[in-house]
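I have placed the structure first, in the form of structure tokens, so that the comments after it can refer back to it.
The values are calculated or read from the model by the stated rules, or taken from the named source; none is laboratory data. Everything numeric in this text was worked out from a predicted model, so none of it was measured. FYI the Cβ positions are ideal-geometry reconstructions off the backbone, even for glycines, and counts take in every protein chain you see.
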Amino acid sequence: MNFRDRLKIALNSELTQEELDKLPRGFQMISKIILLKLLSELYEKRFIIAKKCLELYPKMESVYYYGGKITGQFRIPERIEFLAGKNDSIVTHKEHGVLYKFDITKIMFSKGNLNERKYLATLVKPGEYIIDMFAGIGYFSLPIGLFSEATLIYSIELNSVAFKYLQENVKLNHLEEKIIPIFGNCKEEVKNLAEKGVKADRILMAVFPAPKDYISSALLCVKDSGTIVHYEGVKEKSKYLELFDEFNKIAKQNGYKCELKEYRVVKTYGPRLYHIVVDILVNK
Ligand SMILES: C[S@@+](CC[C@H](N)C(=O)[O-])C[C@H]1O[C@@H](n2cnc3c(N)ncnc32)[C@H](O)[C@@H]1O
């Protein structure tokens, strides 16, 4: 029986039929926390629903209401509210064998990016030098560090809260030898790396909206023999080439050549909109 049907039965005497029909089909689970998205009509009933969720899933420790939006440059989740169980929003979430410690009220963790987090590491070849420009808590740097034979990953993050967890997560996953966390704006920090002579085999540009203004800086660390750039954005599926074109135009102006190697649809993002990644081979 699915989650909604189980909840419907459990809440039969406490909600109206109309309310029962509006219960969510599922929930996001982070470690032992249930993140519950509810339609506005059910918001008033959130505590009763949360209590029932814990009764139905006794292995879970708490329920938080999740407004469903992630906003701003730092991609912070909006409107997360404690509802039931243990009020402790700091989790150590395990995914594909990677430990991610963070505070769910301050840091996003997209379940839709699960496959991409795993897949990127499989592309990395032994000995690679990698720059993760928008590293967050280590969403991509940690699986790459654990599951590839990359030599070194420079992970740049501007939000001090996310950066603190990035540092902790590097230690938690025993990756101190492989990941160098750098606090700062990646536009400047990539320039600093280039000045020190760092060239990357792979550069990750994983943030929304597509980080067009950061392309020129990223190019400074491109190798003569070629660098793969993973460039993300939100587009209609049929318009994924616009992401490549946007990157290619700026690269060309700077004297670089680009070849589109692959594109992936990571998740849906809104009506007809998708989170898309283009893998671009860039060289002089
Ligand atoms: C949350 S991740 C995005 C992960 C994934 N691409 C997604 O959208 O699901 C983006 C990270 O980039 C960081 N960030 C934003 N602007 C930045 C900048 N100029 N320099 C370094 N980090 C930045 C944010 O603080 C955030 O932690």
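Residues checked against (1) closer than 20 Å to Phe208 by Cβ; (2) of a type in the set (Ser, Thr, Tyr); (3) within 13 Å of the ligand (Cβ to nearest atom); (4) part of a helix (DSSP H, G or I):
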{"residue": "Leu99", "(1), (2), (3), (4)": "no, no, no, no"}
{"residue": "Phe109", "(1), (2), (3), (4)": "yes, no, yes, no"}
{"residue": "Asn113", "(1), (2), (3), (4)": "yes, no, yes, yes"}
{"residue": "Phe163", "(1), (2), (3), (4)": "yes, no, yes, yes"}
{"residue": "His174", "(1), (2), (3), (4)": "no, no, no, no"}
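Being within 28 Å of Ser160 (Cβ to Cβ), out of contact with any Asp or Glu (no Cβ under 6 Å at 6 or more places or on another chain) and away from the ligand (no atom under 15 Å from the Cβ) is the requirement here; does Ala210 meet it? Can you show your working first?
Values: within 28 Å of Ser160 (Cβ to Cβ): yes; out of contact with any Asp or Glu (no Cβ under 6 Å at 6 or more places or on another chain): yes; away from the ligand (no atom under 15 Å from the Cβ): no.
When the stated conditions are applied, Ala210 does not pass them.
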**Prompt:** Are there any pairs, at least 6 apart or on different chains, whose C-beta atoms fall under 8 Å, with the first in the range 155-174 and at pLDDT 95 or above and the second among the acidic types (Asp, Glu) and not in a helix (DSSP H, G or I), and if so, which?
**Reply:** Ser155/Asp132; Ile156/Asp132; Val161/Asp103; Phe163/Glu157; Tyr165/Asp103; Leu166/Glu157; Val170/Glu176
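Kindly establish whether Asn159 is farther than 30 Å from Lys252 by Cα, touching a Phe, Trp or Tyr at 6+ places or on another chain (Cβ under 8 Å) and surrounded by fewer than 23 Cβ atoms within 10 Å (Cβ to Cβ). Quick ask: steps written out before the conclusion?
Working: farther than 30 Å from Lys252 by Cα: yes; touching a Phe, Trp or Tyr at 6+ places or on another chain (Cβ under 8 Å): yes; surrounded by fewer than 23 Cβ atoms within 10 Å (Cβ to Cβ): yes.
So Asn159 passes the test.
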**Prompt:** Which one is farthest from Ile179 (Cα to Cα) among residues in the range 136-154 that are among the aliphatic types (A, V, I, L, M) and buried (at least 23 other Cβ atoms within 10 Å of the Cβ)?
**Reply:** Ile137
**Request:** Restrict the check to the range 15-24 and report whether at least one residue is of a type outside the set (Val, Ile, Thr), within 16 Å of the ligand (Cβ to nearest atom) and surrounded by fewer than 16 Cβ atoms within 10 Å (Cβ to Cβ).
**Result:** no
**Fill in**
Exception for Gly72 within (1) under 23 Å from Lys164 (Cβ atoms); (2) in contact (Cβ under 8 Å) with a residue 12 or more places away in the chain falls at (2)
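I need the full set of residues from the range 176-190 which are in a helix (DSSP H, G or I) and surrounded by 16 or more Cβ atoms within 10 Å (Cβ to Cβ), in order please. Steps first, please.
Let us first name the residues in the range 176-190 that are in a helix (DSSP H, G or I), namely 186-190.
Correct list: Cys186, Lys187, Glu189, Val190.
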**Asked** Given the conditions (1) in a helix (DSSP H, G or I); (2) surrounded by 16 or more Cβ atoms within 10 Å (Cβ to Cβ); (3) within 16 Å of the ligand (Cβ to nearest atom), which single one is not true for Cys53?
**Response** (3)
**Prompt:** Listed residues Leu158, Leu152, Leu123; which is within 14 Å of the ligand (Cβ to nearest atom), in contact with a strand residue (DSSP E or B) (Cβ under 8 Å, 6 or more places away or on another chain) and within 30 Å of Gly226 (Cβ to Cβ)?
**Reply:** Leu158
**Within the range 73-97, considering residues that are hydrophobic (A, V, I, L, M, F, W, C), away from the ligand (no atom under 16 Å from the Cβ) and surrounded by fewer than 19 Cβ atoms within 10 Å (Cβ to Cβ), the one farthest from Tyr214 (Cα to Cα)** = Phe82
